[in-house]
Amino acid sequence: MAQHSTLRGGRSRKFKAEINVVPYIDVMLVLLVIFMVVAPLAPPNSINLPKAGRSTQPPSEYIEIELKPDGAARIGIHGQAMETVSARQQLGARLSRLNRTHPELPLMISADKDIRYDEVVQTIAEANKAGIARVGLTTR
């Protein structure tokens, strides 16, 4: 049953149940223009990174690993004799032994500037496997 309205001439007209989308398109085009104008104003590469300060009190005794560019590494307790190892498996085994004998000591890793970042990350992974939770990186 359709609703009809009558005009003066006696003709009847049907109501249309359609949504007029033209105003919505106009609003979307205005928003698009606003975003196109505002987007270049915001610098895309400005990221606020946290600042890392120096530790207030460095540990007096710690396990130290020195990574060399030739693939060798020196490991030992800081201030004592350091042992040179040439393979990553040896480094992991020595790190596990040091952690078993001194579980309270943190690990400090110092690497040469020519070493790939992946080698430092692999050393941190070895420390995690050995059960060392506190790992630090030293700079010179």
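The values are calculated or read from the model by the stated rules, or taken from the named source; none is laboratory data. As the structure is a prediction and not an experimental result, all values here were calculated from the model. All Cβ positions, even for glycine, are placed from backbone atoms using ideal geometry, and neighbour counts span all protein chains on display.
Report, by residue number, each residue of the stretch 1-37 that is at pLDDT below 85 and aliphatic (A, V, I, L, M).
So the first thing to find is which residues in the stretch 1-37 are at pLDDT below 85, and the list is 1-19.
Selection gives M1, A2, L7, A17, I19.
So, of the residues in the stretch 118-137 that are in contact (Cβ under 8 Å) with a residue 40 or more places away in the chain and over 13 Å from S96 (Cα atoms), which turns out to be surrounded by the fewest Cβ atoms within 10 Å (Cβ to Cβ)?
Ranking the candidates gives G136 first.
Kindly indicate the residue of the stretch 57-67 that is within 29 Å of the chain's Cα centre (by Cα) and modelled with pLDDT of 85 or more and also surrounded by the most Cβ atoms within 10 Å (Cβ to Cβ) among those meeting that condition.
I65
If you take the residues in the stretch 75-117 that are within 29 Å of the chain's Cα centre (by Cα) and either among the hydroxyl-bearing types (S, T, Y) or in a strand (DSSP E or B) (or both), which one is surrounded by the fewest Cβ atoms within 10 Å (Cβ to Cβ)?
My answer is Y117.
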